Amino acid sequence: MFKKILTGLGRSALPVLAAFGLIAGAQAADGVKIGSFLAVTGGASFLGDPEKKTLEMYVEQINKNGGVLGKPVELIVYDSATSPKDAVTFVKRLIEEDEVDVIVGGTTTGETMAVINEVQDAGMPFISLAGAGVIVDPVKKWVFKTPHTDGLAVEKIFIDMKENGLTKVGVLSGSGGFDQSCHGNVLKLAPKYGIEIVADETHGKGDTDMTPQLTKIKNTPGVQAFLYCGFGAPTSIVAKNYKQIGMTIPHYQTHGSASQKFIDGADGAAEGVRLPAAALLVVDQLPASNPQKKVAGDYKNAYETRYKDQISTFGGHAYDGLFIAVEAIERAGSTDKEKVREEIEKTKNFIGADGIFNMSPTDHLGLGPDSFVMVEVSDGTWKLLK
Amino acid sequence: MLAEFLQFLFSGVTVGATYALVGLGFSIIYNSSHVINFAQGEFVMIAGMSTVSLLALGLPMPIAILIAVMITTAVGLLLEKLAVEPARDASIVTLIIITIGASIFLRGAAEVIWGRDFHSVPPFTTNDPILVGGAALLPQTVWIVLATLVIIAGLWWFFNRTLTGKAMLATAYNPMVSRLMGINTKFILSLSFGLAAMLGGTAGILIAPISLTYPSVGVMLGLKGFCAAILGGLGNPMGAIAGGLIVGVSEAMTAGYISSAYKDAVAFIIILAVLIVIPSGLFGARGTERV
């Protein structure tokens, strides 16, 4: 019943959206069409909303500067409402009815994975904005992505631990999808970096106290550092419990904690926590020699001036996706899908908000662990390390 | 060794006391209507979120807490008036489903009003842990335990020494006879929702400094509180308290001594084991079939 109502709503919204598409289409008869489906509403709306705003802002700017290949760019955005099912519907529509040239979208991993068959069968270049590594591993011919993966974050953390001579690590992870994927990468990548996992604890969904797990890690002989794989409120609870039971070994978390909410929620207990984050988070502190400083700084200024809202790293994924697509079309000299796909794959030294992209036929993400910077919480804000 | 044990015990008691307070709410509503109110966890959330908003307005902590509990109580009363009472002739199962719907609605409304982010509430007193035998005890834990004791005493007094409280108990035993004796059972039903919301709200504010607060914080707390009430025997307030502490401490001990992976499983195994041996729960009324 509930599902029926939802689908009904989706259906009634379609003609309205389509009408917008038609009007826009009439104005730009043979422009470059960029299609997108984003989770503007639903569970992941805090990701989808800044992504949509970013795409709209920059397509406007591109058109002001003469468009792509001398043609205006038309952006068609559908709200897939954090639903993989809706995502499939909208991607079919983008391919068959709107006949877009490239798709930049897919806020969540669920929505992205659901449409992979559609874009692969149709031969549609697709740049996803979702996090998980499975999207591009194994490599799929037509599918690319821009956000860092949790595997990269874990590698960055291990590199930092190595540099500080920390090799015996206690790990605590939550039970969510992100947490488990991160935990899997920790176990997989530890031997590569000579890290030994001496304690491996978990906590449940909605748990409010992690002191038993932390006490166990604290009392593990030889433990030199602590890593927490998790997301949301537990990140702050862990930081609080950690200080509460007087743990002093270096405390690492992942980019899942890279939000001011983590610092505020921990009530001062987040001080000293280290984590890998996108350069966008500490753009003001980047040295002038860092090539990302200008790109990320400009994006931050433009977004915050226009929307009077704090920038998020999620909008940065959309920025990178859009410009990788636009530059590929420019290099291809046409909107021929096979050529555009080849050019996206050849993206080299693209300086984006998430890092410097170098794609290849075997790497459809193009980022390495060096695309993260290590930050530490200091005086209630982020401090760039080194 | 002792320090480790004490640390696990403190963690278990803190968490267990919150399960107990949530479980109490289940028991009170069950007593007066035989309905399991699955929106109980949402009362916890509403109180926590309201406190955050009121503190942000610059109100002093005690006043913010008082208003937040009042808001939550009002939500409980409204829930009864608008959702449960109009359907009071429906079967118990229907009423339970209504409360599930209400919980989804309240969670959705909270996301619209307060957003999806998590917020912290400052602890009532200091945040510096007290060291007891080498284990860290948070002052907030002391607050939670003290408040739970006060609430237990208050409830005991209410149910055993006041006419309204006795009327509630009478309604629990036999609504029909109670009505014939001149007890306004409709009022009792409203009162039980108000009281349950007040308890849930108090629990929410007590634990917010430890658990943080966010729209879905009530889901798991509600479920664990329900387990506490079942384990102790539905309808028995003291049972809910004991049940909460048993679930909380066994979770902490499992996480500490066995493996955190089995933490939730062990708590549920204890509940299953108890229910198989004593189906009415540890302190539940022994059901006797009269022929």
Scanning segment B:249-276 for residues that are buried (at least 16 other Cβ atoms within 10 Å of the Cβ), facing chain A (nearest Cβ under 9 Å) and part of a helix (DSSP H, G or I) gives B:251, B:252, B:253, B:254, B:255, B:256, B:260, B:263, B:264
If you go through A:192, A:218, the only one that is of a type in the set (D, E, K, R) and either surrounded by fewer than 20 Cβ atoms within 10 Å (Cβ to Cβ) or in contact with a strand residue (DSSP E or B) (Cβ under 6 Å, 6 or more places away or on another chain) (or both) is A:192
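Looking only at segment A:92-101, decide whether some residue is in contact with a strand residue (DSSP E or B) (Cβ under 6 Å, 6 or more places away or on another chain), of a type outside the set (Asp, Glu) and within 30 Å of residue A:189 (Cα to Cα).
To start, the set of residues in segment A:92-101 that are in contact with a strand residue (DSSP E or B) (Cβ under 6 Å, 6 or more places away or on another chain) comprises A:94, A:98, A:100-101.
Keeping just the survivors that are of a type outside the set (Asp, Glu) gives A:94, A:100.
Right, trim to within 30 Å of residue A:189 (Cα to Cα) and you get none.
No - not one qualifying residue is present in segment A:92-101.
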Filter segment B:1-34 for residues that are out of contact with any helix residue (DSSP H, G or I) (no Cβ under 9 Å at 6 or more places or on another chain) and assigned to a helix (DSSP H, G or I); the one that is modelled with the highest pLDDT is B:6
Matching residues in segment A:225-246 (in a helix (DSSP H, G or I), more than 24 Å from the chain's Cα centre (by Cα) and at the interface with chain B (Cβ under 9 Å from one of its Cβ atoms)) number 4
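Considering only segment A:99-115, I want to know if a residue exists there that is of a type outside the set (A, V, I, L, M, F, W, C), over 19 Å from the mean Cα position of the chain (by Cα) and over 20 Å from residue A:39 (Cβ atoms). Before the answer, list the steps.
Applying the first criterion (of a type outside the set (A, V, I, L, M, F, W, C)) to segment A:99-115 yields A:99, A:101, A:105-112.
So of that shortlist, the ones also over 19 Å from the mean Cα position of the chain (by Cα) come out as A:99, A:101.
Going one step further and asking which of them are over 20 Å from residue A:39 (Cβ atoms), we end up with A:99, A:101.
Looking through segment A:99-115, at least one residue is of a type outside the set (A, V, I, L, M, F, W, C), over 19 Å from the mean Cα position of the chain (by Cα) and over 20 Å from residue A:39 (Cβ atoms).
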For segment A:360-386, the count of residues that are more than 19 Å from the chain's Cα centre (by Cα), surrounded by fewer than 16 Cβ atoms within 10 Å (Cβ to Cβ), on the phi < 0 side of the Ramachandran plot and of a type in the set (D, E, K, R) equals 1
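Of all residues in segment B:79-125 being of a type in the set (D, E, K, R) and under 24 Å from residue A:207 (Cβ atoms), which is farthest from the other protein chains (Cβ to nearest Cβ)?
Start the filter on segment B:79-125 by keeping residues that are of a type in the set (D, E, K, R), which leaves B:80-81, B:85, B:88-89, B:107, B:111, B:116-117.
Among the residues that remain, those that are also under 24 Å from residue A:207 (Cβ atoms) are: B:107, B:111, B:116-117.
On the way: B:107: 12, B:111: 9, B:116: 6, B:117: 5 Å.
Taking the candidates together, the pick is B:107.
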- Message: Would you confirm, using the coordinates I've provided, whether residue A:209 is closer than 26 Å to residue B:6 by Cβ, among the acidic types (Asp, Glu), within 11 Å of another protein chain (Cβ to nearest Cβ) and assigned to a loop (DSSP other than H, G, I, E, B)?
- Response: yes
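Matching residues to (1) in contact with a strand residue (DSSP E or B) (Cβ under 6 Å, 6 or more places away or on another chain); (2) in contact (Cβ under 8 Å) with a residue 60 or more places away in the chain; (3) surrounded by fewer than 24 Cβ atoms within 10 Å (Cβ to Cβ):
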| residue | (1), (2), (3) |
| --- | --- |
| A:158 | no, no, no |
| A:173 | yes, no, no |
| A:176 | no, no, yes |
| A:188 | no, no, yes |
| A:196 | yes, no, yes |
| A:234 | no, yes, no |
| A:255 | yes, yes, no |
| A:268 | no, yes, yes |
A careful count of residues in segment A:341-356 that are crowded, with 23+ Cβ neighbours inside 10 Å and of a type in the set (A, V, I, L, M, F, W, C) gives 2
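Regarding residue B:19, is this residue away from chain A (no Cβ under 14 Å) and of a type in the set (Ser, Thr, Tyr)? Quick ask: steps written out before the conclusion?
On the way: away from chain A (no Cβ under 14 Å): no; of a type in the set (Ser, Thr, Tyr): yes.
No; evaluated as a whole, the condition is false for this residue.
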Selection over segment B:204-234 where residues are within 14 Å of chain A (Cβ to nearest Cβ) and either within 22 Å of residue B:164 (Cβ to Cβ) or among the charged types (D, E, K, R) (or both) yields a count of 1
Restricting segment A:29-76 to residues that are at pLDDT below 90 and not in a loop (DSSP other than H, G, I, E, B), the one surrounded by the most Cβ atoms within 10 Å (Cβ to Cβ) turns out to be A:48
If we keep only residues of segment A:281-293 that are over 16 Å from residue A:367 (Cα atoms) and in contact (Cβ under 8 Å) with a residue 40 or more places away in the chain, then the residue surrounded by the most Cβ atoms within 10 Å (Cβ to Cβ) is A:281
With criteria (1) assigned to a helix (DSSP H, G or I); (2) surrounded by fewer than 18 Cβ atoms within 10 Å (Cβ to Cβ), residue B:224 comes up short on (2)
Going through segment B:102-138 in order, the residues found to be in a strand (DSSP E or B) and under 15 Å from residue B:10 (Cα atoms) are B:130, B:131, B:132, B:135, B:136, B:137
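Go through segment A:212-224 and count every residue that is touching a residue at least 24 places away in the same chain (Cβ under 8 Å), in a helix (DSSP H, G or I) and touching a helix residue (DSSP H, G or I) at 6+ places or on another chain (Cβ under 8 Å).
So the first thing to find is which residues in segment A:212-224 are touching a residue at least 24 places away in the same chain (Cβ under 8 Å), and the list is A:213-215, A:217-218, A:220, A:222-224.
Filter again for in a helix (DSSP H, G or I), leaving A:213-215, A:217-218.
Still in the list and also touching a helix residue (DSSP H, G or I) at 6+ places or on another chain (Cβ under 8 Å): A:213-215.
Within segment A:212-224, residues that are touching a residue at least 24 places away in the same chain (Cβ under 8 Å), in a helix (DSSP H, G or I) and touching a helix residue (DSSP H, G or I) at 6+ places or on another chain (Cβ under 8 Å) number 3.
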Exception for residue B:128 within (1) out of contact with any Asp or Glu (no Cβ under 9 Å at 6 or more places or on another chain); (2) closer than 24 Å to residue A:261 by Cβ; (3) within 14 Å of chain A (Cβ to nearest Cβ); (4) touching a residue at least 12 places away in the same chain (Cβ under 8 Å) falls at (4)
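The values are calculated or read from the model by the stated rules, or taken from the named source; none is laboratory data. Predicted, not measured: the structure shown is a model, and the values here were computed from it. Every residue, glycine as well, gets a Cβ built from its backbone with ideal geometry; the counts of neighbours run over all protein chains shown.
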